[in-house]
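Everything on this sheet refers to the single structure shown next.
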Amino acid sequence: MVRWLAINIDLTMSASLRASTGLTTPDGLWFGKDLSTPEPIPEEAIERAVALMRSGRLHRYGEQGTGYPEPSLLEQEYAAYVGSRYCVAVSSCGAAMFIALKALGVKAGDKVLTSTFTLAPVPGAIAHAGADAVLVETTADYLTDLVDLERKARSSGSKVFLLSHMRGHISDLQAVRDICDRHGIAIIEDCAHTMGAKWDGRHTGTWGKVGCYSAQTYKHINAGEGGLVVTDDDDVAAQAILMSGCYMMYDQHILKPGAEVFERWKYVTPNFSMRMSNLAASLLRPQIGQLADRGRRWNHVYAALARELGKAPHLSIPARHPKEEFVASSIQFTLDLNPPQIERFLKECTARGLYVKWFGSPAPVAFTSNFEHWHYIHESPDLASSKAVLNQLFDLRTPLSLTDEDCVLIGRIVAAACSLAAEI
Ligand SMILES: *Cc1c(COP(=O)(O)O)cnc(C)c1O
């Protein structure tokens, strides 16, 4: 906490204030922009949201329902976009993953396979379902270790793999699916960082049984909070609608299985009150149409930054597989440096107004934590190879507002920091 505050104070200090306090670096390099600055909400969405607020109808369901509410339209539009039969709008991606686990029958005490390299809401969703996470190792290129997946698929007794496409890195989904099929394991995809991304021409989120997406501010579409569940399965869809909290108003969904499917589930499925509001859906609908354009712009920033960062000594960026059509909203890199050198690297970046995140930090910082910080996971094997990867893994957001000049400057700062760090 203290460290985070120190970084933030330093970063928000203007260049002139820094000069007056003598806080300048010998090379004069200074970035200072806030990489977590989001894009504005489209005007069309703002107008829609204002009209909704004037009506007061912010809840998605009405007892005398008039027409289809915004989340039902969003569900229809999003399902068409990814090519799934059903979509259910919920309150967050964490809620989507929890609902997916419950709908696949995960019960208290069950084991659920999941990725070691992921964000805290993923093991959080497993814990929420009362289950125990079994972590699958992550490779040096930030992907699922298929050998470890095969081993744990055989030994753990898990019936579900919650696969996280963390930071948009997509594992070979055909290979993952073959392993899971062989062991009777259902896949839930955490697509919080892969909205719009594909593997081998097919959208992530449609390779397994259920796909989960986020509409949190720092993902690809922004309603502050929000989530989407996609599936082709009638029983999962009916349960997701009931669990999300439709009460008995499932007819107000456009995409829904037949009445007989709801008859099977409506008396035995709890209402977890995890709906998406009309307001959130009204903000999101116009953003779906922007995904292709935003994806191109994000990947332009990624390519520019990858080129510049690639010039830094001791730094590597894994090559992406030709079948992986990713949508980058951040960039990751590995530094071949030891722990004291890494501390120095971070210090030199911070001194130049560049906030770099580190997955190997001994303590969780801001949004960033790693598996060693999740003490509620009962089974914690040493995961030595993932730990070695995370200890040298760094992360920068790539907001759409970054210019080519910004990318050059970031590259120069990182290169300077790497050189200084390597000297010690
Ligand atoms: C943000 C995030 C989530 C959770 O999304 P919320 O909508 O905030 O619940 C899950 N997985 C990953 C990889 C994320 O980055």
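The values are calculated or read from the model by the stated rules, or taken from the named source; none is laboratory data. In this text the structure is predicted, and so the values were computed from the model without any measurement. Counting neighbours? That spans all protein chains shown, and the Cβs are built from the backbone with ideal geometry, glycine included.
So here's what we get for this one:
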| item | result |
| --- | --- |
| Single unsatisfied condition, Thr368 versus (1) in contact (Cβ under 8 Å) with a residue 40 or more places away in the chain; (2) within 16 Å of the ligand (Cβ to nearest atom) | (1) |
| Any pair with Cβ under 6 angstrom, 6 or more apart, that starts in the range 310-330 at a residue that is farther than 13 Å from Thr194 by Cβ and ends at one that is part of a loop (DSSP other than H, G, I, E, B) and among the acidic types (Asp, Glu) | His314/Asp336; Pro318/Asp141; Lys323/Asp200 |
| Of all residues making up the range 131-141, the number that are within 24 Å of Lys357 (Cα to Cα) and either of a type in the set (A, V, I, L, M, F, W, C) or not in a strand (DSSP E or B) (or both) | 6 |
| Search result, residues across the range 267-291 that are β-branched (Val, Ile, Thr) and either in a helix (DSSP H, G or I) or touching a Ser or Thr at 6+ places or on another chain (Cβ under 7 Å) (or both) | Ile288 |
| Residues within the range 297-325 that are in a loop (DSSP other than H, G, I, E, B) and of a type outside the set (D, E, K, R), tallied | 9 |
| Test: residue in the range 332-342 that is crowded, with 20+ Cβ neighbours inside 10 Å, modelled with pLDDT of 95 or more and among the acidic types (Asp, Glu) | no |
| Candidate set: the range 142-171, residues that are among the basic types (Lys, Arg) and in a helix (DSSP H, G or I); chosen: the one farthest from the chain's Cα centre (by Cα) | Arg154 |
| Candidates Arg294, Arg264, filtered to the one that is in contact (Cβ under 8 Å) with a residue 24 or more places away in the chain, farther than 21 Å from Ile99 by Cβ and outside any loop (DSSP other than H, G, I, E, B) | Arg294 |
| Scan of the range 195-221 for residues that are over 20 Å from Asp234 (Cα atoms), touching a helix residue (DSSP H, G or I) at 6+ places or on another chain (Cβ under 9 Å) and either within 9 Å of the ligand (Cβ to nearest atom) or without any contact (Cβ under 8 Å) to a residue 40 or more places away in the chain (or both), ordered by number | Ser214, Ala215, Gln216, Lys219 |
| Selection within the range 107-128 - surrounded by fewer than 24 Cβ atoms within 10 Å (Cβ to Cβ) and more than 14 Å from the ligand (Cβ to nearest atom) | Lys107, Ala108, Gly109, Asp110, Lys111 |
| Criterion violated by Phe31 - all others in (1) at pLDDT 95 or above; (2) farther than 17 Å from Val356 by Cα satisfied | (2) |
| Residue, farthest from the chain's Cα centre (by Cα), within the range 361-391, restricted to residues that are within 17 Å of Ile331 (Cβ to Cβ) and surrounded by 15 or more Cβ atoms within 10 Å (Cβ to Cβ) | Val389 |
| Positions within the range 179-191 being more than 10 Å from the ligand (Cβ to nearest atom) and in a loop (DSSP other than H, G, I, E, B), in sequence order | His183, Gly184, Ile185 |
| Test result for Thr194, part of a loop (DSSP other than H, G, I, E, B) and out of contact with any His (no Cβ under 9 Å at 6 or more places or on another chain) | no |
| When residues of the range 222-241 are limited to those that are crowded, with 24+ Cβ neighbours inside 10 Å and over 25 Å from Leu119 (Cα atoms), the one farthest from the ligand (Cβ to nearest atom) | Ala238 |
| Which numbered condition Tyr247 misses (of (1) assigned to a strand (DSSP E or B); (2) more than 11 Å from the ligand (Cβ to nearest atom); (3) not hydrophobic (A, V, I, L, M, F, W, C)) | (1) |
| Residue that is farthest from His220 (Cα to Cα), among those in the range 45-91 that are within 23 Å of the chain's Cα centre (by Cα) and of a type in the set (D, E, K, R) | Arg85 |
| Count of the range 313-329 residues which are buried (at least 19 other Cβ atoms within 10 Å of the Cβ) and more than 15 Å from Val389 (Cβ to Cβ) | 6 |
| Filter result for the condition that a residue is modelled with pLDDT of 95 or more and either within 16 Å of the ligand (Cβ to nearest atom) or part of a loop (DSSP other than H, G, I, E, B) (or both), over Leu420, Leu400 | Leu400 |
| Options Ala79, Ala95: the member that is touching a Ser or Thr at 6+ places or on another chain (Cβ under 9 Å), part of a helix (DSSP H, G or I) and among the small types (Gly, Ala, Ser) | Ala95 |
| Yes/no for Lys102 being within 16 Å of the ligand (Cβ to nearest atom) and either among the aromatic types (Phe, Trp, Tyr) or over 15 Å from the mean Cα position of the chain (by Cα) (or both) | yes |
